């Protein structure tokens, strides 16, 4: 029955409840990553579906579209080849005093084909800085190659939509307050 739901919606989370002879059956089906960030709920009642035991079976499909953000682990990034990377270690700077200035734990990572340079000095550990620099380089390379379809582009799009929705909610609330004051003759 859940293949019927696949045709009804293409959003990320679909929960279907099947009520049959008092027993309930729950299944959560993932239908891909949701790009639309709207909370929505629809209830479909399908009656008179033939069954071998009874003529009337009530199936209730509850489709809940939730606010899912894009996760890093679900995203595919371009592959970083070691021969395309140029890694150098330089002395750190910033707060921390003399100890920061003496140790060479700041990582400068350059992607030779594109010329993208990442400098990372988040931690005191060289290995941690290398990992962080590679993650940042993956993000920047993905943004360079795929533009708005990249991981960072999708996050930016999500934030833009969220800000727009928040602004619309605030304007709607303000309009309702204004209409209430006019209706009640409050000043």
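The values are calculated or read from the model by the stated rules, or taken from the named source; none is laboratory data. Source: prediction; values computed, not measured. Note: ideal-geometry Cβ built from the backbone for every residue, glycine included; neighbour counts use all protein chains shown.
If you scan region 147-187, which residues turn out to be in contact with a helix residue (DSSP H, G or I) (Cβ under 7 Å, 6 or more places away or on another chain) and within 15 Å of residue 72 (Cβ to Cβ)? 150, 151, 152, 153 - these are the residues of region 147-187 that are in contact with a helix residue (DSSP H, G or I) (Cβ under 7 Å, 6 or more places away or on another chain) and within 15 Å of residue 72 (Cβ to Cβ).
No other residue among 175, 133, 170, 179 is surrounded by 15 or more Cβ atoms within 10 Å (Cβ to Cβ), more than 21 Å from the chain's Cα centre (by Cα) and part of a helix (DSSP H, G or I) apart from 133. Among the conditions (1) in a strand (DSSP E or B); (2) more than 30 Å from residue 161 (Cα to Cα); (3) at pLDDT 85 or above, the only one that residue 128 does not satisfy is (1). Report yes if residue 162 is in contact (Cβ under 8 Å) with a residue 60 or more places away in the chain and more than 19 Å from residue 81 (Cα to Cα), otherwise no. Judged against the criteria, residue 162 is a match. Considering the conditions (1) over 29 Å from residue 105 (Cα atoms); (2) surrounded by 14 or more Cβ atoms within 10 Å (Cβ to Cβ); (3) in contact (Cβ under 8 Å) with a residue 12 or more places away in the chain, residue 150 is excluded by exactly one of them, (3).
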